[in-house]
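Participant: The following block contains the structure, expressed as structure tokens.
The values are calculated or read from the model by the stated rules, or taken from the named source; none is laboratory data. The shown structure was predicted, so the numbers you read here are calculated from the model rather than taken from an experiment. A quick note on method: Cβ atoms are made from the backbone with ideal geometry, for glycine too, and the neighbour counts reach across all protein chains shown. These accessible areas exclude ligands, DNA and RNA; they are computed on the full protein's heavy atoms, side chains included. Shrake-Rupley method; radii C 1.70, N 1.55, O 1.52, S 1.80 Å.
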Amino acid sequence: MNRERRKAENLRGVGDRGQWASKTEYVLSVAGNVVGLGNVWRFPYLCYKNGGGAFLVPYTLLAVVCGIPLFLMETSFGQYTQEGFITCWRKLCPLAEGIGYGFFIMKLYDFSYILVQVWALFYLVYSVRAQLPWATCDNTWNTVYCLGLQSFNSSNVTAAYTNISSAATEFWERRVLNMSSGIEELGSLSWELVLCLLFSWMFCYFTIWKGIKSSGKVAYFTATFPYVMLFILLIRGLTLPGAWEGVYYYLYPDINRLANLEVWTEALSQIFFSYSLVIGTLNVLGSYNHYNNNCYKDCFWLCLLNSGTSFVAGFVVFSVLGFMAQKLGVTVDNVAESGPGLAFITYPQATAMMHLPQFWTFCFFLMLILLAVDTHFVTVETVITSVSDLFPAFFRAPRRREIFVFIICLTFFLLHLPLVSQAGIYIFQLVDYYGCTRASQNLMTVFQCFAVAWVFGADRLLCIIEDMTGHRPSVFFQLCWKFLIPLLSLISFILYLVHFQHVKINEKYVYPDWAYALGWTMTLSSVLIVPLYAAGQLCLASGTLRQRFDVLCHPAEDPPGPKTEEGVQLSSL
């Protein structure tokens, strides 16, 4: 039997689940997911903060040792099992199925990132006004301490103005967020943000309601257009006065920073974050591929695209920050911030100083929305897929998927309403900080590497990849999966605990103790389910303890198909 015929037979029954209509849809969907907000603001800031150009050393090294091997592992066993991130473990190591449920919980926390779309959509609407509201202090929400762009420079900031705030900061905190005094004070809902939230969830629904048949088509636009915006903003940024001063701050190498272990752990965390590793996304997207898709080649190109985009985004961000620093008469380190502060305060303030400020602001927030949209609808799609694979007979019936997707979108729209209240930023920061932390990522990485590389077998996975792609990966990948990645993850976890600090808002607001307890509950909820599920499986299985381990560590389905000389099973279904 020739290879193509055997692959077709192995894929019997997958038609109801669906597959990518073309290789392009898969590549764009993965690229759209992994190239996101982490590239635009998180990587440039970490690079600046941790040694500039010197940060590229640990980032590149850890991308080779951890990023690419994990990317290949997750996409390949997704393609092999043709299952979501829960049921795939039944064909790898049933005892480790708790990893899939842990991913499921982490994904639900990730749903809250739709708030970034909501904020960006709010700014996009206001960017078409004749006068940008974050450029002046003539608005009802401004305080007496507000300084507009015309007066906000170093010569005007004297000791008499100890409580000054920029117009952009006041628009963000007092108009967009309308922040209450703390998480205890929920306050009222912002009807404008509620409408933006509703629109965002509606867009998500109509993107994924037909599965990859619809989301794959949407990716043609949402994955490519941000690159057009990024290129436009790059050209504009590099032609601004003071831009190269910002680029210097971005890339200036501080070799001494490489001796700090925290720099290395932050580089590892950034790779996990931007590559969408150890959260179930890659194996779900890979599961829609044909069995003989060359996931080995895809892995290298997609990782290169992600890291390259991160590097280029740094020039976009810091060229604008250099321009802003020159305008304000300050150094770049006084205007550079991370996270929401960069995207919703510093960058809008900078574009307001340019010629045609409405156009540049519109471009920036349109790019931000599309980056967030791509990541969000893939996140929701992976959850829908994994639950559907858990109950295929029920969810693959006509129209049931559409109903299920509608229920999920409606439910989380209602659950996210507190995020657009006056205490929304406090809730969001709590979920962001504790829901999917470096600690949970590190421990889940150890669990996954142990289950795949040691129990299922690293050599067995290499044989499977060779059968699927025709290329056998280097033994280097086996060494990474079995030793290097778990070791580095454990070191990162230990350093996380040693240097741990509770989250604060603006380094001032301290959450109440019950909020911190809730945060740790979120962190532990995804991690503890792995050993608890395994213990439950062992208790429910029959036979001696040794027999239970043997059964649960062996794939639940061992389908017929060709084997290597060592007896390794190769076929898919």
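Participant: Place the peptides 137-143, 498-504, 475-481 in order of packing, highest mean first, counting for every residue the other Cβ atoms within 10 Å and averaging per peptide.
Facilitator: Details: 137-143: 14.0, 498-504: 10.9, 475-481: 18.1.
Descending mean neighbour count gives 475-481, 137-143, 498-504.
Participant: Protein chains only, probe 1.4 Å: how do Thr523, Thr169 rank by accessible area, largest first? Show your work: numbers first, answer last.
Facilitator: Values: Thr523 5, Thr169 30 Å².
Greatest to least solvent exposure: Thr169, Thr523.
Participant: Treating only the Cβ atoms of Lys and Arg (+1) and Asp and Glu (-1) as charged, compute the dipole magnitude of the chain about its Cα centre; round to the nearest 20 debye.
Facilitator: On the way: 35 positive and 36 negative charges, 216 e Å.
The dipole of the chain has a size of about 1040 debye.
Participant: Here's another thing I want to ask about it. Quick check on packing: order 345-357, 294-306, 264-276, 536-548 by the mean number of other C-beta atoms within 10 Å, highest mean leading.
Facilitator: Details: 345-357: 21.0, 294-306: 18.5, 264-276: 24.2, 536-548: 11.4.
Averaged packing, sorted descending, gives the order 264-276, 345-357, 294-306, 536-548.
Participant: Which ³J(HN,Hα) values, rounded to whole Hz and listed in residue order, are derived for segment 139-144 from phi using the Karplus coefficients 6.51, -1.76 and 1.60 in 6.51 cos²θ - 1.76 cosθ + 1.60 with θ = phi - 60°, glycine and proline given as x?
Facilitator: With coefficients 6.51, -1.76 and 1.60, one gets 10, 5, 8, 6, 9, 6 Hz.
Participant: With a Förster radius of 41 Å, plug the Cβ-Cβ distance of Phe394 and Ser181 into 1/(1 + (r/R0)^6) and report the FRET value to the nearest 0.05. Kindly include the intermediate steps, with their values, before the conclusion.
Facilitator: Numbers: r = 47 Å, r/R0 = 1.14.
In this case the efficiency is close to 0.30.
Participant: Using DSSP H assignments, which helices in the chain have an axial alpha-carbon span of 18 Å or above and a mean Kyte-Doolittle hydropathy of -1.0 or higher?
Facilitator: Details: long enough: 68-81 (20 Å, 0.51); 97-110 (20 Å, 0.40); 114-126 (19 Å, 2.01); 191-208 (26 Å, 1.73); 225-238 (20 Å, 2.01); 261-275 (21 Å, 0.58); 295-328 (49 Å, 1.12); 357-390 (50 Å, 1.31); 400-415 (22 Å, 1.85); 485-498 (20 Å, 2.50); 513-540 (37 Å, 1.09).
For the chain, where a helix must reach 18 Å along its axis and average at least -1.0, the hits are 68-81, 97-110, 114-126, 191-208, 225-238, 261-275, 295-328, 357-390, 400-415, 485-498, 513-540.
Participant: Okay, next question. For Ser474 and Ser188, what does the FRET efficiency come to when R0 = 35 Å and r is the distance between their Cβ atoms, rounded to the nearest 0.05?
Facilitator: Details: r = 58 Å, r/R0 = 1.67.
Calculated transfer efficiency: 0.05.
Participant: A follow-up question, please. Quick check for you: which residues of segment 232-251 have the amide N under 18 Å from the point 7 Å beyond the Cα of Val330 toward its beta carbon?
Facilitator: 242-243, 245-247, 249-250
Participant: Bin all alpha-carbon pair distances of segment 246-335 at 5 Å intervals from 0 and give each bin's fraction as a whole percent.
Facilitator: Calculated P(r), rounded to whole percents: 3, 11, 14, 16, 17, 13, 10, 7, 5, 3, 1, 0.
Participant: Per-residue accessible area for Tyr509 at 1.4 Å probe radius, Å² rounded to 10?
Facilitator: 40
Participant: Sorted by accessible area with a 1.4 angstrom probe, largest first, how do Glu507, Glu170, Glu262 fall?
Facilitator: Working: Glu507 150, Glu170 10, Glu262 45 Å².
Largest accessible area first, the residues go Glu507, Glu262, Glu170.
Participant: Continuing with the same structure: Convert each backbone phi in segment 344-355 into a coupling constant with the Karplus relation 6.51 cos²θ - 1.76 cosθ + 1.60 (shift: θ = phi - 60°), then list the ³J(HN,Hα) values in order as whole Hz, x for Gly and Pro.
Facilitator: Residue by residue, segment 344-355 yields 10, 10, 5, 5, x, 5, 5, 5, 5, 8, 8, 5 Hz.
Participant: A further question on this structure: Can you pick out the pairs among Lys49/Lys217; Lys482/Lys504; Lys107/Lys297; Lys217/Lys504; Lys107/Lys210 whose Cα atoms lie more than 30 Å from each other?
Facilitator: On the way: Lys49/Lys217 38 Å; Lys482/Lys504 37 Å; Lys107/Lys297 27 Å; Lys217/Lys504 41 Å; Lys107/Lys210 20 Å.
From the list (Lys49/Lys217; Lys482/Lys504; Lys107/Lys297; Lys217/Lys504; Lys107/Lys210), the Cα-Cα distance tops 30 Å for Lys49/Lys217; Lys482/Lys504; Lys217/Lys504.
Participant: Which value in deg cm²/dmol, rounded to the nearest 500, describes the helix-derived mean residue ellipticity at 222 nm for the chain, given -39,500 (n - 2.57) per DSSP H run of n ≥ 4 and division by the residue count? Display every interim value, and only then the final one.
Facilitator: Values: 26 runs with 336 residues, N = 573.
It lands at -18500 deg cm²/dmol.
Participant: Only sites in a loop by DSSP and with at most 10 other Cβ atoms within 10 Å count here; which trypsin sites (Lys or Arg not before Pro) in segment 350-423 make the cut? Show your work: numbers first, answer last.
Facilitator: Numbers: sites: Arg396, Arg399, Arg400, Arg401; in loops: Arg396, Arg399.
Here the trypsin sites (Lys or Arg not before Pro) that fit, given the DSSP loop and packing criteria, are Arg399.
Participant: Further question: I need the phi-derived Karplus couplings for segment 255-260: 6.51 cos²θ - 1.76 cosθ + 1.60, θ = phi - 60°, integer Hz, Gly and Pro marked x.
Facilitator: 4, 4, 5, 5, 7, 8
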